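Worksheet: one structure, shown below.
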Amino acid sequence: MFKYSMDNKRYHTLNYYYHTIFNHKVFKVSLNANFSCPNFKNGNGCIFCLHGSNDYDISKNNDLIVQFNEVKKTLEKKWPNSYYIGYFQANTNTFAPLNILKEKYESILNLDNVVGLSIATRSDAISNECYDYLEELNKKTFLTIELGLQSSKEETLKMIKRGHDLNNFIECVNNLKKRNIKVVVHIINGLPYETKEDMINTIKLLNELNIDGIKIHMLHILKGTELENIYNQKHFSILTKEEYVDIVISQLEYLNPKIVIHRITGDPNVKDLIAPTWLIKKFGVLNDIDKEMVKRNTYQGAKFINKN
């Protein structure tokens, strides 16, 4: 069995990570605090973005406490007395005045059995006073900051209209890490014109930055996005399921085994999905990754070289 897993996975699972810290069942509860995104102010956001980061499947109308309790009520039927992490997921969750951030974060922290917060944001949307507040918050609770990067290739960041460069992202990670704040990074495989080597290079950069966790997504094209228009005009190649599985396994082999895998494939909104349709069967993708890792007799970190 791989060292950092309790369920025969060959990578560092989130379930194992939470169990070692809390010795308890822990769930992340997705929340929509109705924040916006700085990239919307500069245009229409990233070219793959439709409504913002997953805001289509999180309530926009209920207040945060109502949202949280709706999810908790469902989970408690099967897992009573669980612990919870409030996951501020939709859009950019540090893109507001500090007093508003404090009000929203701490309203969730004050709920029963909430043991931490996970805050999704962008590297260009954390002010100096917000860094200071996050440092204080980190001393009081189990805090994780989730940052979108998508790719370490500068040309790709410009092409997808990310709105910040690689240096901005690196500076943000360093600012968080020097405050001992845990960092989870989102990346996307299959971005237009990227090679397998490009995607592995993104992993190598994240190793150097000493991040704590990673979310690996597959690029998916949604109706109504700028990416849809580009795809219709240029018909760039979309990864097959087999290619995606191969690339993910190679990335895992290069990834520091201490880095936690928070996600290894995506959950597209089926009604808006154009391609690839194989993403709809999420558990099939997960199973194929597991089976192929066994077949290759490989595991996370198999090719990792610690340069420290």
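The values are calculated or read from the model by the stated rules, or taken from the named source; none is laboratory data. Predicted model, so just to flag it, every value in this text is computed and none were measured. Every residue, glycine as well, gets a Cβ built from its backbone with ideal geometry; the counts of neighbours run over all protein chains shown.
From D112, D132, grab the single residue that is at pLDDT 95 or above, over 25 Å from I261 (Cβ atoms) and either surrounded by 15 or more Cβ atoms within 10 Å (Cβ to Cβ) or of a type outside the set (V, I, T) (or both). Answer to the selection: D132. For the residues K177, K215, the requirement of being under 19 Å from L50 (Cβ atoms), basic (K, R) and under 18 Å from the mean Cα position of the chain (by Cα) singles out K215. Is there any pair with a first residue in region 1-19 that is under 14 Å from I214 (Cβ atoms) and a second that is in a helix (DSSP H, G or I) and not hydroxyl-bearing (S, T, Y) whose Cβ atoms are under 7 Å apart and which are 6 or more apart or on different chains, and what are they? Listed pairs, sorted by first residue: Y11/L252. Check whether at least one residue in region 184-196 is under 22 Å from H235 (Cα atoms), charged (D, E, K, R) and part of a helix (DSSP H, G or I), and report yes or no. Taking every residue of region 184-196 in turn, at least one turns out to be under 22 Å from H235 (Cα atoms), charged (D, E, K, R) and part of a helix (DSSP H, G or I).
Exactly one residue among S118, S82, S107, S123 is under 21 Å from the mean Cα position of the chain (by Cα) and without any contact (Cβ under 8 Å) to a residue 60 or more places away in the chain, and that residue is S123. For first residues located in region 280-308 and under 19 Å from G213 (Cβ atoms) and in contact (Cβ under 8 Å) with a residue 60 or more places away in the chain, partners that are loosely packed, with under 14 Cβ neighbours inside 10 Å and basic (K, R) and lie 6+ apart or on another chain with Cβ distances below 9 Å form the pairs Y299/K3. Tell me, please, whether a residue that is crowded, with 18+ Cβ neighbours inside 10 Å and touching a Ser or Thr at 6+ places or on another chain (Cβ under 6 Å) can be found in region 225-245. Checked against the condition, which is being crowded, with 18+ Cβ neighbours inside 10 Å and touching a Ser or Thr at 6+ places or on another chain (Cβ under 6 Å), region 225-245 yields no hits at all. Taking residues in region 85-104 that are within 13 Å of L134 (Cα to Cα), and partners anywhere that are at pLDDT below 95, the pairs with Cβ atoms closer than 6 Å and at least 6 places apart or on different chains are N93/F35; T94/A125. Scanning region 239-266 for residues that are in a helix (DSSP H, G or I) and polar (S, T, N, Q) yields a count of 2.
Could you list all residues from region 127-144 that are touching a Ser or Thr at 6+ places or on another chain (Cβ under 6 Å) and either among the charged types (D, E, K, R) or in a loop (DSSP other than H, G, I, E, B) (or both)?
Correct list: empty.
Does V270 fit the bill of being out of contact with any Pro (no Cβ under 8 Å at 6 or more places or on another chain) and at pLDDT 95 or above?
Criteria not met by V270.
Here's a check for you: in region 87-111, which residue that is out of contact with any strand residue (DSSP E or B) (no Cβ under 9 Å at 6 or more places or on another chain) and in a loop (DSSP other than H, G, I, E, B) is nearest to L149 (Cα to Cα)? Out of the qualifying residues, it is A96.
Would you mind stating whether N201 is touching a Lys or Arg at 6+ places or on another chain (Cβ under 8 Å) and on the phi > 0 side of the Ramachandran plot? Judged against the criteria, N201 is not a match. Looking only at region 54-66, decide whether some residue is within 20 Å of I188 (Cβ to Cβ), out of contact with any Phe, Trp or Tyr (no Cβ under 6 Å at 6 or more places or on another chain) and modelled with pLDDT of 95 or more. Within region 54-66, none of the residues are within 20 Å of I188 (Cβ to Cβ), out of contact with any Phe, Trp or Tyr (no Cβ under 6 Å at 6 or more places or on another chain) and modelled with pLDDT of 95 or more.
In this structure, G86 does not satisfy being at pLDDT below 90 and surrounded by 15 or more Cβ atoms within 10 Å (Cβ to Cβ).
Go through region 145-183 and report how many residues are crowded, with 19+ Cβ neighbours inside 10 Å, of a type in the set (D, E, K, R) and touching a helix residue (DSSP H, G or I) at 6+ places or on another chain (Cβ under 7 Å).
Start the filter on region 145-183 by keeping residues that are crowded, with 19+ Cβ neighbours inside 10 Å, which leaves 145-153, 156-157, 160, 162-163, 169, 172-173, 176, 181, 183.
Adding the requirement that they be of a type in the set (D, E, K, R) leaves 146, 153, 162.
Checking which are touching a helix residue (DSSP H, G or I) at 6+ places or on another chain (Cβ under 7 Å) leaves us with 153.
Selection size over region 145-183: 1.
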